[in-house]
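The values are calculated or read from the model by the stated rules, or taken from the named source; none is laboratory data. Keep in mind that what you see is a predicted model, and the values were worked out from it rather than measured. Note that we place each Cβ from the backbone using ideal geometry, even for glycine, and neighbour counts take in every protein chain shown.
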Amino acid sequence: MTGSRLAELARRPRPEPAPPAAEEACELCGAPVDPEHRHVLDLRERRLLCACRACSILFDRKAAGGGHYRLVPDRSRLVADFELDDLLWNRLRLPVDLAFFFRTTAEGRTVAFYPSPLGATESLLELGAWAEIESANPVLADLEPDVEALLVNRAGEAREHWLVPVDRCYALVGLIKTRWKGLAGGQEVWEEITEFFGALRAEADVVTKDGEETRQ
């Protein structure tokens, strides 16, 4: 290559480097957060906030949030013998086979939501049916209000009942909202739903409906 050719190449503008990926920050103090960070629930606005390790430790005491913030737990449990037959499920009058339930202290009641292409959609809960579910499954009394939920998966042949942090439920909502195509969702979204529950199964403890730990 001649010297004039080298000089020409040297004068050409160099492509700008790609901007670095935006680093997630704690929404409480502004510090960087790890990809696998915890969340704090803003009880007044019903909004999940990303939390760094220091803030997670700070809010890991019930009195620390002053009734405004509550740390979302990081435990997940699969209830192996959960009692919920088809008849009782139908009495809940949910239009889909994926739903989650949690007690909200602001309203003093249990609420039901289901994922949809539009996001999390609230369903009116048939209180008599819910009372029967609670009576048959004492482990539900162990759920922390606002931040833990019963997640039910009855899609296809599945009959799974999980006690999970509420942020996992909203992660499933986000997955469905962003991946859903057409009337039935498409193969991609159902594959990702299967992967979601597979990952949940890999990390979850297995308990009975009475709250006793059991072997997986």
Within region 190-216, restricting to residues that are within 16 Å of the chain's Cα centre (by Cα) and of a type in the set (A, V, I, L, M), the one that is nearest to Glu157 (Cα to Cα) is Ile193
Taking region 134-188 and the residues there that are basic (Lys, Arg) and either more than 28 Å from Glu36 (Cβ to Cβ) or not assigned by TED's automatic domain parsing to the domain that holds Leu98 (or both), the one that is nearest to the chain's Cα centre (by Cα) would be Arg154
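Quick check on region 117-133: of everything there that is small (Gly, Ala, Ser) and outside any strand (DSSP E or B), which residue is surrounded by the most Cβ atoms within 10 Å (Cβ to Cβ)?
By that ranking, first place goes to Ala129.
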Does Thr208 satisfy the criteria of being surrounded by 12 or more Cβ atoms within 10 Å (Cβ to Cβ), modelled with pLDDT under 95, hydroxyl-bearing (Ser, Thr, Tyr) and farther than 21 Å from Val96 by Cβ?
no
The lone condition Glu27 fails out of (1) modelled with pLDDT under 90; (2) part of a loop (DSSP other than H, G, I, E, B) is (1)
Checked region 134-146 for anything surrounded by fewer than 17 Cβ atoms within 10 Å (Cβ to Cβ) and over 19 Å from Asp81 (Cβ atoms); matches are Pro145
